[in-house]
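The values are calculated or read from the model by the stated rules, or taken from the named source; none is laboratory data. Here the structure is a predicted model, which is why all the values come from computation and not from measurement. When we count neighbours, we look across all protein chains shown, and the Cβ atoms used for this are built from the backbone with ideal geometry, even at glycine. Remember, those area values only see protein heavy atoms, side chains included, never the ligands or the DNA or RNA. Shrake-Rupley method; radii C 1.70, N 1.55, O 1.52, S 1.80 Å.
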Amino acid sequence: QMWEEAIALGKELAEQYENEMFDYEQLSELLRKQAQFYENIVKVIRPKPDYFAVGYYGQGFPTFIRNKVFIYRGKEYERREDFEARLLTQFPNAEKMKTTSPPGEDIKTSSGQYIQCFTVKPKLDLPSKFHRPVSEQIVSFYRVNEVQRFEYSRPVRKGEKNPDNEFANMWIERTIYVTAYKLPGILRWFEVKSVFMVEISPLENAIETMQLTNDKINNMVQQHLSDPNLPINPLSMLLNGIVDPAVMGGFANYEKAFFTEKYMHEHPEDHDKIEKLKDLIAWQIPFLAEGIRIHGEKVTEALRPFHERMEACFRQLRDKVEKQYGVRAILSSLEERRGSRPRSMVRSFTMPSSSRPLSVASVSSLSSDSTPSRPGSDGFVLEPLLPKKMHSRSQDKLDKDDLDKDKKEKKKEKRNSKHQEIFDKEFKSTDISLQQAEAVILSETISPLRPQRPKSQVLNVMSSERRFSVSPAPLGSQLTPPPITPRTKLSFSIQPNLELNGMSSSDIPDLPPPLPLKGSTADYGNLLESQDLISPTTSPPAHQR
């Protein structure tokens, strides 16, 4: 289960497969394994083995272990008693020592065999790549692996014994053991190369204990947030041991021992350490609040009275601590993990523009090679796209529309079948060429392209009876219609002087291009008005005026 080591070796193999052997099948298989290793690191809980210091004293041992100390890595879930029993089977004549203090010279020079065994705690040595806080699930591997320093703490009392508070004069004598190599290695045990001892004052011990307690609560909260299926019993015992004063006494013992005027007067140099301890006590409250919140969500009905009692004790504790030491608030990754952006919100921001409906104003911003977003956007039918604007142009002539409509119907009935056949033929050929051509984009910009025609002239032209017919025009004006070529962008401007295909009225021949196939009689009402505007003007009859 040392997946971190497997990943390091896999990276070396991946370099060979990718850049030396070019074996992509093996590379893909290896990368899949690495992905599984990374997932295991985050999700799988690995057992933490214990480490034991073993000293062999006496002349009865072989020379390579005589009067030396070794650090052993125990098996998974192996207790110290089981390890000692396994060790004594190798030396059945050895005597087990009852103390953990270093032996005297009389034992070292004796002819017998004496074995000293006790549990040591590995000292965390994080790699340099972890330059910022990371998940406890990742750090937990380095707490018991790739370790070279181990410590053993032994309480020592100095001064008079205080029956009311044992923390006031309890010092810690800490022994640090440094091995020749990091554990685990090629062996499960290595020789200790250096030993040194430090003394920790009662106040420093209290600070260290509070820091470890806060870290333990925070780590367990992180585990429950990442894996909701974890059992709740360890969290219950941890929270109850801290919150309920009847179980452990809490930090009230520290207050009695160090937060008194007598202690501050006798130890003025410890003022900064006392402030640090107060800060750690204040920071414990938000950690406990998060843990109790998770406990309340996962507690069963059978344990509900236990949880309610724990909540009542916590409320009393919080009121007291916040009143004396201030309020602390957590802005940690715990809340960020719960308060991340919802998936629906992410989807709304990342939805491609092609799947969103286009408004009329956005049609002009499309590129010329895009397909029309609605029927009739190929440049011929204006009515579906801008119905309100086209009708607003002729709003001041509503009274003349009925007369014009009757005349249009009469003219249409006079068209012969030959003209209709020619019209259909030309329209089909034009339609095919336009389908193969590049899409034409409509622009809704309303900007005058030339000065507007006087209103009187517009009325004269509109009231004209002249309409398109098959009758031959004068020889001077009989020109062949120009071929319709696709344009990259065709701009229609809603003006009384409407231009078609960028041609002015002086350039338009008598015979205009054929109209598209009509769907109803009302489709060409506006187009025919436009065609009248650009046709050769003749003086209107007097009675129409």
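So if each residue of separation counts as 0.36 nm, and I subtract the Cα-Cα distance between Met97 and Asp227, what length gain in nm does that give?
Details: separation 130, 0.36 × 130 = 46.80 nm, distance 4.39 nm.
Working it through step by step, the gained length comes to 42.4 nm.
Can you pick out the pairs among Lys96/Lys182; Lys98/Lys161; Lys11/Lys43; Lys158/Lys256; Lys11/Lys216; Lys75/Lys121 whose Cα atoms lie more than 23 Å from each other? Please list the in-between numbers first.
Details: Lys96/Lys182 27 Å; Lys98/Lys161 25 Å; Lys11/Lys43 21 Å; Lys158/Lys256 18 Å; Lys11/Lys216 33 Å; Lys75/Lys121 15 Å.
Long pairs (Cα-Cα over 23 Å): Lys96/Lys182; Lys98/Lys161; Lys11/Lys216.
Could you state the accessible area per residue of segment 3-43 in Å², with a 1.4 Å probe and every protein chain left in place?
Details: 3030 Å² over 41 residues.
Here the per-residue accessible area is 74 Å².
Computed from phi, the 3J(HN,Hα) profile of segment 260-265 under the Karplus parametrisation 6.51, -1.76, 1.60 (θ = phi - 60°) reads 9, 5, 5, 5, 5, 6 Hz, with x in place of Gly and Pro.
The distance between label points at Leu126 and Trp189 comes to 3.3 nm (points 7 Å beyond Cα on the Cα→Cβ vector).
Where the accessible area of segment 1-115 is counted over protein heavy atoms with a 1.4 Å probe, how much of it, in %, is carbon and sulfur?
Details: 3800 of 7350 Å².
The C+S portion of the solvent-accessible surface of segment 1-115 is 52 percent.
The string of couplings for segment 209-219 from the Karplus curve (6.51, -1.76, 1.60, θ = phi - 60°) is 5, 5, 5, 5, 5, 4, 5, 5, 5, 4, 5 Hz, one whole number per residue in order, with x for Gly and Pro. Think of a 1.4 Å ball rolled over the protein heavy atoms: segment 47-200 then has 59 Å² of accessible area per residue.
Determine the gain in length on full extension of the stretch Ile7-Lys43; use 0.36 nm per residue of separation and subtract their C-alpha separation, reporting nm with one decimal. Write down the numbers at each step before the final one.
Working: separation 36, 0.36 × 36 = 12.96 nm, distance 1.60 nm.
That works out to 11.4 nm of additional length.
Our estimate of slack between Asp279 and Met21, defined as 0.36 nm per intervening residue step minus the Cα-Cα distance, is 87.1 nm. Taking other residues whose beta carbon is less than 9 angstrom from the beta carbon of Phe258, and scoring Lys, Arg as +1 and Asp, Glu as -1, yields 0.
Counting Lys and Arg as +1 and Asp and Glu as -1, what is the net charge of the other residues whose Cβ lies under 12 Å from the Cβ of Ile207? Within the 12 Å Cβ shell, the charges total -3.
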